[in-house]
Amino acid sequence: MFSKNTVYVKNIPIGGNNPIIIQSMTNTDTLDTESTIRQIIKLANAGAEIVRVSVRTLEDISSFKEICKNSSVPIVADIHFDYRVAIEAIKAGASKIRINPGNIGAKWKVQEVVKVAKEYNIPIRVGANSGSIKKEFENTSMPRYKALAESALQEVKIMEELEFEDIVISIKSTDAKENFLANKYISEKVPYPLHIGITEAGIYEDALVLSSAGLGALLLNNIGDTIRISIAGDPVKEVLVAKKLLTLLGFKKGPRVIACPTCARTEINVEELAIKVKEWTKNVDKSLNIAVMGCVVNGPGEAKHADIGIAGTKSGGAISINGEVVETVSYENLENTFKKYIDDLIK
Ligand code: SF4
């Protein structure tokens, strides 16, 4: 959304003024074509707009070809070490490849990959992560974030020397602050779109908090064009968290349920009702702020900016639209009536 350049991954624009793109990665065996295709369908249904698949050796290529053919979303081939795998992955239908020119080896090999990428008109993702800081920057007085960004810039330079600028840069660290500073540094130096993520963020809860803090800081500073939340386990969770993060930060359309934290004044079961509202609206793809507040003392005021809200009263609830009370309801009718108003707004 915030870089100067835009690249296209098949029909999906990344960068410029385009929406931030959600990515994830399969964790099935690439040779198991069926399971991988099944997982891609699940990821796409959950909201992934691009999916990355590891292509480890030439042996994976025929399965990878089938995978690309059967995917409704563009597939990125994740390649390490072997330039021939990168070339074959492009020919097999990859819409973008991720390589690390540093580990592809001799320049002529990178050049061969670039030649085919140009021919097939597909972008290349390059970059660095905390595990691939260049040796010359290690053990120097240079701060680690800068060493990380400079390592990525070296990869970018290799591509530029080959007159290839259809690139996306990715810099990832396991440390949220280092990740933030490195991405900020590079975003000020080059116009290429940035793929952001906190690498190896851990299991669900840790990844959720770390990625929200680390990527949230970047996004709120207008940095990041495509996003992956790294979570150990089912990648569908990565997509759901990414979607949630983008919606709650206002970068993606979708419902937001505002709910008060409850206190001694609470007249209704706020948590239970908020959970129900989330369930009723989970497939809504337009922006809608819905407030569930425990009482009328602070509730209506705090919910004034919501499209629709309910505040608990002594006998039930007061429903408001754009801050104006439109109906007061008894406990018995509270849920049904509130749902009816929400459904009308969705329509
Ligand atoms: S809205 Fe009312 S019930 Fe909820 S936290 Fe505020 S004062 Fe308490």
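None of the figures in this text is laboratory data; all of them are computed from the coordinates on show. If you're wondering where the values come from, they're calculated on a predicted model, not measured in any experiment. Glycine gets a Cβ as well: all are built from the backbone with ideal geometry, and neighbour counts include every protein chain shown.
For this structure, a couple of remarks:
- For the chain, the residue among SER72, ASN17, ALA318 whose Cα projects farthest onto the positive side of the dipole built from Cβ charges is ASN17.
- Cα-centre dipole for the range 255-346 with unit charges at Cβ (Lys and Arg positive, Asp and Glu negative), debye to 20: 160 debye
- Rel. contact order, % - alpha carbon contacts under 8 angstrom, at least six apart, the range 255-346: 23 percent
- With only the Cα atoms considered, the range 255-346 has a convex hull volume of 78 Å³ per residue.
- Neighbourhood charge, 10 Å Cβ-Cβ cut-off, centred on GLY317 and excluding it, Lys, Arg +1 and Asp, Glu -1: -3
- Vicinal HN-Hα couplings computed from phi for the range 111-126 (Karplus, 6.51 cos²θ - 1.76 cosθ + 1.60; Hz; Gly/Pro x): 4, 4, 5, 4, 4, 6, 4, 5, 4, 8, 6, 10, x, 10, 9, 10
- LYS4/ASN269 FRET efficiency (R0 51 Å; Cβ-Cβ; nearest 0.05): 0.55
- Size descriptors for the range 53-155, from the alpha-carbon set: Rg then Dmax equal 15.0, 49 Å.
- Net dipole in debye of the range 77-126 [+1 Lys, Arg Cβ; -1 Asp, Glu Cβ; about Cα centre; nearest 20]: 140 debye
- Charge tally in the Cβ shell below 12 Å around THR6, where Lys, Arg are +1 and Asp, Glu are -1, THR6 excluded: -2
- Couplings for the range 165-174, taken from phi via the Karplus curve 6.51 cos²θ - 1.76 cosθ + 1.60 with θ = phi - 60°, read 10, 7, 10, 10, 9, 10, 10, 10, 10, 7 Hz in order; Gly and Pro are left as x.
- Packing-based order for 178-189, 39-50, 200-211, using average beta carbon neighbours within 10 Å, highest first: 178-189, 39-50, 200-211
- For GLN154 and THR57, the FRET efficiency from 1/(1 + (r/R0)^6), where r spans their Cβ atoms and R0 equals 30 Å, is about 0.70.
- Lys/Arg +1, Asp/Glu -1 at C-beta; the chain dipole; positive extreme among ASN121, ALA89, ILE169: ASN121
- Dipole magnitude (debye, nearest 20) for the chain, charges at Cβ of Lys, Arg, Asp, Glu: 480 debye
- Considering only the chain, percent of DSSP beta bridges that pair antiparallel, nearest 5: 30 percent
- Dipole orientation for the chain: of the candidates VAL209, THR328, ASN139, ASN139 has the Cα lying most toward the positive pole (charges on Cβ; Lys, Arg +1; Asp, Glu -1).
- Gap separating the Cα centres of the range 244-317 and the range 19-71, nearest whole Å: 37 Å
- Stokes-Einstein diffusion coefficient of the chain, Kirkwood radius over Cα pairs, 37 °C, 0.692 mPa s, in µm²/s: 150 µm²/s
- Proximity of backbone amide H atoms, modeled 1.01 Å from N, is registered between GLU267 and CYS295, GLY312 at under 5 Å, excluding neighbours fewer than 5 places apart on the same chain.
- TRP108 paired with ASN333, simple spin-label distance in nm, labels 7 Å along Cα-to-beta-carbon: 8.3 nm
- All Cα-Cα separations within the range 259-312 were binned at 5 Å from zero, giving a P(r) of 4, 23, 30, 22, 13, 6, 1, each value a whole percent of the pairs.
- For the range 224-294, radius of gyration divided by Kirkwood radius, i.e. Rg to Rh on alpha-carbons: 1.06
- Subtracting the Cα-Cα distance of ALA213 and LYS340 from 0.36 nm times their residue separation leaves 42.1 nm of extension gain.
- Taking the C-alpha atoms of the range 165-303, convex hull volume expressed per residue in Å³: 143 Å³
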